[in-house]
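What follows is a short report on a single structure.
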Amino acid sequence: MNEIKTLIWKEVTLEWRQKYALSGMLLYVVSTVFVAYLSFSLRRNQLTPIVWNTLFWIIILFTAVNAVAKSFSQERYGRLIYYYSLCSPQAIIISKIIYNSLIMLTLSGIGFGIYSLVMGNPVGDIGLYLLSILLAAIGFASVLTLVAGIASKADNSATLMAVLSFPLILPMLLMTIKLAKNALDGLDWSVSTDEITTLLSIDLIVITLSYLLFPYLWRS
Amino acid sequence: MRKIWWKILCIVIIFYVILMGLMGEVPHLAIINESIRNTYYHVALWLAMTTLLFASMVFSVRYLIKGRINDDDIASELAKSAIFFGILGCLTGSIWANYTWGDPWPNDPKLNGAAVGILIYLAYLLLRSSFEDEQRKARISSVYNIFAFAVFIPIIYILPRLTDSLHPGSGGNSTFGSYDFDNSIRRVFYPAVIGYILLGLWLAELRIRMKRINRVREEITDSARPVTH
């Protein structure tokens, strides 16, 4: 536990020291939202809730891929070997997943704020929508962390990251969009229990698998 | 004549399935009519594909535990023949859908899931091809293969059941076994599944042997080459 805490703290300080990475991601979200706003601005009143919802999740998806992709490539090779000799791989993957989830939560929270500011906010049930953002942030972060670990071992890691992660993340994305749609319509929470449990179980499967498989990845 | 019996069995079963599929007795059902015969090809191909992918995952797990490069060869070639079956399954399903649902690619969660599943495994092949070092390639693609199978099963078998689908077994439609799977179909369907699995294994086996021979040949040429300084 202590190990994980230290590692998360290390990630946070590292991020704080090289502020360009985090501020770059923030700027990425803001400018994507703004591009979407400008592209739709002529017909904003024709923007149906479905389009609103889908557009938001696609922005979040691309943000997630870009934000998590750097989690292994950011550090130099020598330092990775240093970690390898110092801590257990399980602690590393868990700390990376937790840290990336936090980053995703921040980014999608800020993204949601700006998005609803410029594009209007038709959400009927804010609590459920925030819950879907929370579940999606954890899920995206955990899938993408392992995929980033895989892709960082190869040479053409940027292409590989997109190709490997999009199909893997798709079921999660579809479930999230559905849950978010329920929240948008302000449906009763009992309608969405199916989606919530499915999302939770997918998250659980993915995190367990990352925990089991990462040691093999780390060794190479 | 090493272990030739299962290849003969495979050929016999496949011919039996083709023959019975075209000429055998089938139950008469509304809407699908004679196209029920496609069960022998389409449904059986999907089941065979899932079995092969499962076997591929098992060999990936074995590679990670034991670290023998042969296991990774087997895993990758099984995945390749499974992808081949997946594409065939899509094509036969497309023909079927064209006649019963009136559209070769209706917007159905199971179809889209199948397409995504094939994309996942094509990405697996891409990942394999982007490494030079064999042990590294084997380890990393094994990790991805296990991960991919764990995502593939929900996409194909669980998520479509939660939504409305044209396929049986989802959105309140009953499953196959309950209403139209009488004995005349079973007699062809189960052999068909076994036949396709055997065919997939055969395809994989040929490619694995080719790979091993190539590896041995490379080693021989490497060792035969004069050492230059």
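In square angstrom, rounded to the nearest 10, how much accessible surface does A:LYS19 have for a 1.4 Å probe?
So the heavy atoms of A:LYS19 present about 110 Å² to solvent.
Taking only DSSP H segments of four or more residues, each worth -39500 (n - 2.57), what value at 222 nm results for the protein assembly as shown once the sum is divided by all its residues, to the nearest 500 deg cm²/dmol?
-27500 deg cm²/dmol
Relative contact order for segment A:2-219 using alpha-carbon pairs under 8 Å, separation at least 6, rounded to a whole percent?
Value for segment A:2-219: 28 percent.
Test of the criteria: in segment B:61-166, which GluC sites (Glu not before Pro) are in a DSSP loop and have at most 16 other Cβ atoms within 10 angstrom of their Cβ?
B:GLU132
With N set to the number of residues, divide the alpha-carbon radius of gyration of chain A by 2.2 N^0.38 Å and report two decimals.
Compared with the compact-globule rule of thumb, chain A sits at 1.05.
Any idea how many Lys pairs in chain A come in under 17 angstrom at the alpha carbon, given 8 or more places apart or on separate chains?
8
Taking each residue of A:191-204 in turn, how many C-beta atoms of other protein chains fall within 10 Å of its C-beta, and what is the average?
If you average over the peptide's residues, the count of other-chain Cβ atoms is 1.
Please enumerate, by chain and number, the aspartates and glutamates with C-alpha under 18 Å from the C-alpha of B:LYS211, excluding those fewer than 8 residues away in the same chain.
List returned: B:ASP71, B:ASP72, B:ASP73, B:GLU77, B:GLU132, B:ASP133, B:GLU134, B:GLU219, B:ASP222.
Binning at 20 angstrom from zero up to the longest distance, how are the C-alpha pair distances of the protein assembly as shown distributed in percent?
Histogram of Cα-Cα distances, whole percents per bin: 22, 49, 26, 3.
Let me know the shape class of segment A:63-152, please: from the alpha-carbon gyration tensor, a ≥ b ≥ c as square roots of the eigenvalues, rounded when a/c is under 1.5, otherwise prolate if a/b is greater than b/c, or oblate.
prolate
Can you tell me how segment B:75-139 classifies by the Cα gyration tensor, rounded, prolate or oblate, using a/c under 1.5 as the rounded cut? Could the numbers behind the result be given before it?
Details: a/c = 4.56, a/b = 2.90, b/c = 1.57.
Judged from the Cα gyration tensor, segment B:75-139 comes out prolate (a/c at least 1.5, a/b above b/c).
The values are calculated or read from the model by the stated rules, or taken from the named source; none is laboratory data. Since the model is a prediction, treat every value here as computed from it, not as a measurement. Cβ sites come from the backbone with ideal geometry, for glycine too, and all protein chains shown count toward neighbours. Note: areas computed on protein heavy atoms with side chains; ligands, DNA, RNA excluded. Shrake-Rupley method; radii C 1.70, N 1.55, O 1.52, S 1.80 Å.
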